[in-house]
1. Taking the simple approach of a point 7 Å from Cα along Cα-to-Cβ for both H31 and A64, what is their distance in nm?
2. Starting from the amide H of S12, placed 1.01 Å from N in the peptide plane, find each other amide H under 5 Å away whose residue is 5 or more places distant or on another chain.
3. Return the single residue from A121, A37, A77 with maximal mean-square fluctuation; model: Gaussian network over the chain, springs between Cα atoms under 10 Å.
4. Starting at the first residue of the stretch 33-43, write each ³J(HN,Hα) from the Karplus equation 6.51 cos²θ - 1.76 cosθ + 1.60 with θ = phi - 60°, in whole Hz, x for Gly and Pro.
5. Taking the alpha carbon gyration tensor of the chain, what are the square roots of 5 times its eigenvalues, largest first, to the nearest whole Å?
6. On a 0 to 90° scale, report how tilted helix 127-138 is relative to the longest principal axis of the chain, with both axes built from alpha carbons and the result rounded to the nearest 10.
7. Of A86, A64, A103, which has the largest mean-square fluctuation in a 10 Å C-alpha GNM of the chain?
8. Where in the stretch 48-141 are there trypsin sites (Lys or Arg not before Pro) that are in a DSSP coil and have at most 12 other Cβ atoms within 10 angstrom of their Cβ?
Amino acid sequence: MAGLPQGWTDLSLIPKWRIFEEPSPFCAVGHAIRGTAGLTWSVSPGQWSVLGSRPEGAHVVDLAHVWAMVSIPETVALEALPKVCALDFDARVFPEGRAARTAVAGIATEIVRMEGALLLATSRSYGGYLTEALISATGTP
């Protein structure tokens, strides 16, 4: 994801993990938390995604080479995302610490709202297309 606008961060090379475990050891579906291992979120029952250190557990899958991930400043993301995504980003509906899986520019994407930014994770093969669609939605040449 070369050539990102200022303030955008390519998180694709940071370790990413998927945990499969019951009952919930981390956070509820649709939520995200910042812990000692990194950022953890869930968008489906029995599954958690972690951005950071490898979590302990028998059912952990390495997603580092599967996902492309970008962090976009909240003000920019909230301007661009409604043009390419049907999710309601109003802070009363999708506040800080929430996570969702939805389509962004027609691409299955996980979105996490944390710490003044929105993090978007998608299949690595769609990473370039997704970022180009988001840049285009901002109106930045």
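Since every read-out is calculated from the coordinates, none of them should be taken as a lab result. These numbers come from a predicted model, not from an experiment. As a convention, Cβ positions derive from the backbone with ideal geometry for all residues, glycine included, and neighbour counts pool all protein chains shown.
1. It is 3.0 nm.
2. Sorted by chain and number, the residues that satisfy this are M69.
3. A37
4. 9, 9, x, 5, 7, x, 8, 10, 8, 9, 10
5. 25, 17, 13
6. Tilt relative to the chain: about 50 degrees.
7. A86
8. When the trypsin sites (Lys or Arg not before Pro) of the stretch 48-141 are filtered for loop state and at most 12 Cβ neighbours within 10 Å, R92 remain.
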